[in-house]
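Working notes for the structure below.
The values are calculated or read from the model by the stated rules, or taken from the named source; none is laboratory data. No experiment lies behind these values; they were computed from the predicted model shown. In this analysis, Cβ positions are derived from the backbone assuming ideal geometry, glycine residues included, and neighbour counts consider all displayed protein chains.
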Amino acid sequence: MIKLFNVELKKKLAFDLFAVITSLILMVIASFSPIEVAPFFWGFAFFIGGIAKAIEGFKSTIAEKSLNVEFLMIAASLAAFITGEFAEGAILIFIFAVSGVLEEFANSQSEKALTSLLKVAPRTAIKLVNGVEKTVEISQLEVGDLVMVKMGQQVPADGKVFKGSASFNQASITGEFLPVFKNEGDSVFAGAINIDASLVIQVTKDPSESVVQKMIAFVKQAQEDKTKSELTITLFEKIYVYFVILLSISVIFLPPYLGWLGQEEAFRRGIIVLVVASPCALVASITPAVLSTLSHAARKGILIKGGKHLEKMKGINIVAFDKTGTITSGKPKVSQWTVFSEDTSQIEDILVSIEKKSTHPLAKAIVQYFDKATVIDLETKEIPGQGLIATIKKDTWKVGRFTYQEEQVVEKQLKVIKLKGHTMVYVIKNEKLVAVITLKDTIRPNIIEAMKAIKEFKITPVMLTGDNQATAQLVASEVGIDKFYSDCMPEDKVKVIQDYRKEGRQVLMIGDGINDAPSLVSANIGVSMGDGTDVSLETADIVMMNNDLRNIPYLMKITKKMNTIVLQNVVFSISVITLLLVTNLFGLVDLTYGVFGHEVSTILVILNSLRLLKSK
Ligand code: ADP
Ligand code: MG
């Protein structure tokens, strides 16, 4: 019902609150005034309380070309006024306005939490200062600066390609999913994601605007996105409003025509029908609950891009974890460095120069380990889930998980190294294995606890990794995962998820890397770690800013709570409507009771939902 955001939302909330209070004061004055002037004050209270809702109702009636709850309420209270029931008319509008203020409150709370979360999101760029890479806040970039954009990273500001070339995914800006190739001199947009090779761009536009714009759009989308049940209710509201009008008209005209009731009594009951049958409480059953839950999660450090993802949580029965950077901290340490050929220092230099072009956690660890290496200027191509390829003076170098021509002496040594179960990165020169570096990552804290809690929800955890079988086995058993898939290319991860879905299971996938992006999209719900790459943050439905895997069982818990509260609300509001309608048919309800029952139920439903803001 509410579609306002940011400053606008705050202004509206303040205005509506002002209207509600003024209207309350006027009503108090009215009830103490002598009979002759009281209607004037009631009327004034009615006008002040109702004007905002009337405008809102009028606008959305025109926009959606259909009548709505606002229309019913205004009609009912106008009718009350015509029949001389001034107080009832004013009170009806007053409480309707109060319920509006409460809804806006829920909305503003969730927005506040979401925006504050986005402010802490790491938003940095790699600036080149005299050829040296320096990580800076995006806000510190200026027009003319040179920035390095590596594979998987987002272009930090609008600019043009200065050196190198790469393909970009510009879907977040243009909505077009096909990658676009950009060469030197071509312009690139902030937010475009580099999908294959690192390159240097020159900033051509102040970055602050575009980033802020994107953040606002992000939050806006989260709130605007309707859940399936919200959509159902909205559709229901549209149809049901006509039913109420029809019912009310028939109650007014039919009984007198058939000689059952006098005209006046029939009119009175008809107006009561208009009030009590209005689906205000039903319409308010879901949205505040969803917004409160979004807000609660946001304060915990979980950014959910829309209530519809919460709704899908209920059906999840598989949680698929990526390994590197998700189960493990993504801050691996080099454990062993073995060179199989003579020119050790040259290999070190080349390895570091190649890995410098990558944002992969392994690459960062390797660069850090060889801090004395001399960096050579070269161009690389990165293959997600495998590693990098570079050509240096006619030699082809591959770093990562690639095949090579096996040699007996080398394989013997490798076998011993493999036994440790550490992550292996091969250095291959022209199809020959010249060195291998092994790395060991630490497991994220709290994961064992999280895994236990996930299993308690009868959900099967599985692990998908591009790493080798031995490492995968070790990590899986350490954290309590029974089923894992190792040596996965990005498309293999997608395949695993698709197979599960074909079996009718619903999958939540958590990942951090560019190699996880396709699987995040193919899962029912995609979750990204907050310190993941831009592309995974962008494609995910949920971002865990705090990088805590206990968020998964926590999300299960709060969505369960949300569903319970929504169910309570729906059952309660339908019961109240039915009860009031039936009793009114027998003439047992007067307008005051009708207004009271109807409006109190609406407010109770919203207050019930606001409990979710505070729940533990
Ligand atoms: P995970 O699926 O567990 O997150 P990745 O798919 O990111 O792991 O990586 C799988 C394997 O690919 C690594 O174990 C490593 O051997 C290799 N690899 C990928 N990217 C790189 C890189 N930039 N440098 C070195 N090795 C890499
Ligand atoms: Mg990963």
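Annotations
- Counting only residues that are over 32 Å from the mean Cα position of the chain (by Cα) and basic (Lys, Arg), the range 441-480 holds 0 of them.
- Residue within the range 431-442 that is surrounded by fewer than 16 Cβ atoms within 10 Å (Cβ to Cβ) and more than 21 Å from Lys483 (Cα to Cα) present: yes
- Scanning the range 373-419 for residues that are within 14 Å of ligand 1 (Cβ to nearest atom) and of a type in the set (Lys, Arg), we see that the one that is nearest to Val200 (Cα to Cα) is Lys381.
- Being surrounded by 14 or more Cβ atoms within 10 Å (Cβ to Cβ), at pLDDT below 90 and not charged (D, E, K, R) holds for only one residue in Gly421, Gly387, Gly400, and it is Gly421.
- Residue, farthest from ligand 1 (Cβ to nearest atom), within the range 433-480, restricted to residues that are assigned to a loop (DSSP other than H, G, I, E, B) and farther than 19 Å from Tyr554 by Cα: Thr442
- Meets criteria (under 29 Å from Ser295 (Cα atoms) and aliphatic (A, V, I, L, M)) for Ala63: yes
- Whichever residue in the range 295-332 is surrounded by fewer than 20 Cβ atoms within 10 Å (Cβ to Cβ) and modelled with pLDDT of 90 or more and, among such residues, is farthest from ligand 1 (Cβ to nearest atom): Lys314
- Just so you know, in the range 55-76 the residues that are free of Cβ contacts under 8 Å to residues at least 60 places away in the same chain, within 19 Å of Ala277 (Cα to Cα) and not β-branched (Val, Ile, Thr) include one that is surrounded by the most Cβ atoms within 10 Å (Cβ to Cβ), and it is Glu70.
- Strands (runs of 3 or more DSSP E) within the range 286-402 that include 1 or more residues within 16 Å of ligand 2 (Cβ to nearest atom): 318-322, 380-383, 387-392, 395-400
- The residue that is farthest from the chain's Cα centre (by Cα), among those in the range 403-430 that are among the polar types (S, T, N, Q) and part of a loop (DSSP other than H, G, I, E, B), is Asn430.
- Residue check for Leu254: at pLDDT 80 or above, surrounded by fewer than 20 Cβ atoms within 10 Å (Cβ to Cβ) and within 28 Å of Thr83 (Cα to Cα): yes
- One residue from Glu237, Glu265 being over 27 Å from the mean Cα position of the chain (by Cα), more than 16 Å from ligand 2 (Cβ to nearest atom) and of a type in the set (Asp, Glu): Glu265
- Check on Lys112, among the basic types (Lys, Arg) and in contact (Cβ under 8 Å) with a residue 24 or more places away in the chain: yes
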